[in-house]
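Below: one structure, written as structure tokens.
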Amino acid sequence: MRGLGIVFIAMAILAGPRAAAETAKNNYNAYCVQCHGLRGNGMGLNTDEMSVQPRDHSDAKSMSGRSDKELFKVIKEGGLAISKSVLMPAWKDVLSDDEINDLVGFLRDVCKCTHGN
Amino acid sequence: MLALAATPALAKSSGTILLQERCATCHDLKGPAAVTLSALRMRKGPDLFYAGNKYRAGWLVRWLEKPTRIRPAGMFYLDHIKPGPKRDVIDTTTLTPHLALNAGDAVSAAEALMGLKANGKLLGTKPFIPGPSPMGEMTFDKFYGCTACHEIEPEFGGLSGPEVYTAGRRLTPEFMLSFIRDPQAWNPKGLMPNKHVPEANIPKLVNFLIELAKKDWK
């Protein structure tokens, strides 16, 4: 029985969402840079004709105006979920909740800010 | 038994051999699709294992003879951009042209590609009804923000996704319907997010793309 327990734990670790999770940096580079830019400043490849500018993630002033919960929500459910532009897509079908949480942490590094700070 | 194995029906067609020898290094011909981002990033070209359910056969032959760029920033935009004075720009020096086939090879390669029929279940059974698409551009551009990643005319629209002003020539309507409905069903870690377009509006988008492709682009 004990042996089986260990097997189960090993399987849980291998099969858990964590095992497939990408680093926040890799996810940001693949999915976000196209609009938010290599520098994270909102001046990505796609932005020439965009009617709403993607958020400058390096801007501590505007980024500190959002709680981690709000950042999580806009990444998961898209701009419309927080009454912002449809141009900001929802990523829930591509990224796991864990990966989105990691992205929130990554954005806090980019803006060098926290909520209210 | 020996005689059976040598009959043409069982032998590999010249198109299949050509795909193996000249295309498989960059294109996945067997599936399944990549389920992790790292696996996807190893892909050197778009998956072709469901080619027979994706492309219009006539377009395939023409394009393989005279390929033109479809993705303005290459397979993965991240590998082909650099910071510009104002915004990120394509580094064209990193983009290479696609190999071209002679007329005979193009026909046999296209034939073999049309035989690759994975993911048929995703296409559904309802027939597509072509029709006019009033408000099509508005729906594509303003309502759903699709222009963010796709050019709807040369030099107009986002650059990370394939140009869509030619999509109606290249792709079957059934594939477009299905892909817009659920891009991750075809490519779980692909770069196109599901925009959750209501079912009734998806044919409007596809009819818009079909109409758009009829214009005399380049």
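Annotations
- Some residue of the range B:195-203 being without any contact (Cβ under 8 Å) to a residue 60 or more places away in the chain, within 14 Å of another protein chain (Cβ to nearest Cβ) and either out of contact with any Gly (no Cβ under 9 Å at 6 or more places or on another chain) or farther than 22 Å from A:Pro89 by Cα (or both): yes
- Within the span defined as the range B:156-163, every residue fails to be in a helix (DSSP H, G or I), more than 11 Å from chain A (Cβ to nearest Cβ) and at pLDDT 95 or above.
- All positions within the range B:79-118 that are in contact (Cβ under 8 Å) with a residue 60 or more places away in the chain, in contact with a Pro (Cβ under 8 Å, 6 or more places away or on another chain) and loosely packed, with under 14 Cβ neighbours inside 10 Å: B:Leu99
- Among the residues of the range A:43-73, those identified as surrounded by 19 or more Cβ atoms within 10 Å (Cβ to Cβ) and more than 7 Å from chain B (Cβ to nearest Cβ) are A:Pro54, A:Arg55, A:Asp56, A:His57, A:Met63, A:Arg66, A:Leu71.
- Only residues that are touching a helix residue (DSSP H, G or I) at 6+ places or on another chain (Cβ under 8 Å) and either of a type in the set (Asp, Glu) or in contact (Cβ under 8 Å) with a residue 60 or more places away in the chain (or both) were counted across the range B:130-152, and they come to 12.
- Only one of the listed residues (A:Ala90, A:Ala24) is farther than 30 Å from B:Phe156 by Cα, surrounded by 16 or more Cβ atoms within 10 Å (Cβ to Cβ) and aliphatic (A, V, I, L, M). That residue is A:Ala24.
- Residue in the range B:191-218 that is surrounded by the most Cβ atoms within 10 Å (Cβ to Cβ), counting only those that are assigned to a loop (DSSP other than H, G, I, E, B) and among the charged types (D, E, K, R): B:Lys195
The values are calculated or read from the model by the stated rules, or taken from the named source; none is laboratory data. Keep in mind that this is a model prediction, so the values were computed, not measured. FYI the Cβ positions are ideal-geometry reconstructions off the backbone, even for glycines, and counts take in every protein chain you see.
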